[in-house]
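Participant: Quick one: structure below, then a few questions.
The values are calculated or read from the model by the stated rules, or taken from the named source; none is laboratory data. Here the structure is a predicted model, which means the values were calculated and not measured. Because the Cβ atoms are built from the backbone with ideal geometry, glycine has one as well, and the counts that use them run over all protein chains shown.
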Amino acid sequence: MSTTRKKASHFDAFLSVILPLSLRGYITAAVLGFTHTMGEFGVVLMVGGSIPGETQVLSIAIYEHVEVLDYGSAHALSVGLLLFTFIVLLAVYFINRRFPTHAH
């Protein structure tokens, strides 16, 4: 009697083993990320403010564009912020590769 076992693919293993075990962590990360973002937005409103003609924070500008239903400008600002963030992260990555830190 020969029994042939099929080996589960990596995707099957991920869906049936890894994902169920880490689902609570993903949910926790999503909730913490959302609450952190909301808190940060509130702090920006309080500290940075939005004094017309004096202060302007990009996240507040995006919010104001959405508030008046100017989605095109809000999307443009969001894409610009996303590109700027990506460029900064790439710069940090390459600087860290160029000048690695050594633990003593």
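Participant: Looking at the range 67-104, which of the residues that are of a type in the set (Val, Ile, Thr) and part of a loop (DSSP other than H, G, I, E, B) is modelled with the highest pLDDT?
Facilitator: Initial filter on the range 67-104 (of a type in the set (Val, Ile, Thr)): 68, 79, 85, 87-88, 92, 95, 101.
Add one more test, that the residue is part of a loop (DSSP other than H, G, I, E, B), and what stays is 68, 101.
Values: Val68: 95, Thr101: 71.
So the residue we want is Val68.
Participant: Sticking with this structure for a sec: Report whether or not Gly80 is farther than 17 Å from Glu40 by Cβ and within 21 Å of the chain's Cα centre (by Cα).
Facilitator: Numbers: farther than 17 Å from Glu40 by Cβ: yes; within 21 Å of the chain's Cα centre (by Cα): yes.
Yes: the conditions hold for Gly80.
Participant: Could you run through the range 11-66 and say how many residues are of a type in the set (Val, Ile, Thr), modelled with pLDDT under 80 and more than 19 Å from the chain's Cα centre (by Cα)?
Facilitator: Result for the range 11-66: 3.
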